[in-house]
Amino acid sequence: MIKLFESWRKKGSKHKNPTLSQDNIPKHVAIIMDGNGRWANRLGLPRAVGHRSGMKAVKRATIAADDLGISVLTLYAFSTENWKRPKDEVDYLMSLPQEFLAIELDELVQKNVQVRMMGYTQQIPPQTIAALEEAIEKTKNNTGLILNFAFNYGGRREIAETVKMIAQEVQEGRISIDDITENTIEERLLSGEIPEPDLLIRTGGELRLSNFMLWQTAYSELWFTDLYWPEFGREHLIEAVAEYQHRARRYGGLS
């Protein structure tokens, strides 16, 4: 079984040049964009070049998701653990939203894309927040693809903050302990009314969630690839969706 899984992981999906069913497109695709630095290292380039090349992959994925009819694309852009990286790399990562949005915002507006951010504003430089807020404001009335950046985001912190919020409401008498259900928690998560991811993609060859949307991905279909994020293109998103369409989602029941 392990050998079979490893073989599948290295080759990616078995569905090459697939024809997708428009009746079974995942509504929400989430991507852990991993491997920028390792891609650059492999080519003998600075890690910053890898991160910048990753921006191009963000645009490719956004256009492809929109074309395929995906409703929400959530991209894990910066985790609460990424602050542990060297300061010069963190500073560069903090500058990327400004650079990306300065180049792409007009096209996102034209394509009816709505930009959102899911994360914590603490520690993020004011100029980075300003760029994100401008994009959110300019696209808030758009009705097409939701491009949701998970920025300074961590799943465990999200759950902890949600628990605190509910505890405060109980303490103030706004709800009782008996009122707390799964919906109570879901409504207070940073993802809000966004549906749970149907498909979670991770590039870079690692097989873990890395503290990403821990509650929301309970029943997501997972697709891993050894490709580094700067290598990820339209054909790989199609390949992942094709694999998704060949799976049976039973949610603990029977087909």
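Of everything listed in (1) surrounded by 14 or more Cβ atoms within 10 Å (Cβ to Cβ); (2) part of a loop (DSSP other than H, G, I, E, B), the single unmet condition for GLU243 is (2). Within region 184-203, being acidic (Asp, Glu) and at pLDDT 95 or above holds for GLU186, GLU187, GLU196, ASP198. Residues in region 63-82 that are surrounded by fewer than 18 Cβ atoms within 10 Å (Cβ to Cβ) and within 14 Å of the chain's Cα centre (by Cα): 1 in all. At least 2 residues being farther than 21 Å from GLU186 by Cα, touching a strand residue (DSSP E or B) at 6+ places or on another chain (Cβ under 6 Å) and touching a residue at least 24 places away in the same chain (Cβ under 8 Å) is the threshold, and among the helices (runs of 4 or more DSSP H) wholly inside region 76-174 those reaching it are 126-139.
Using the structure shown, decide if ALA248 is under 18 Å from TYR76 (Cβ atoms), free of Cβ contacts under 8 Å to residues at least 24 places away in the same chain and either touching a His at 6+ places or on another chain (Cβ under 8 Å) or not in a helix (DSSP H, G or I) (or both). No: the conditions fail for ALA248.
The values are calculated or read from the model by the stated rules, or taken from the named source; none is laboratory data. Since the model is a prediction, treat every value here as computed from it, not as a measurement. Using ideal geometry, Cβ is built from the backbone for each residue, glycine included, and neighbour counts are taken over all protein chains shown.
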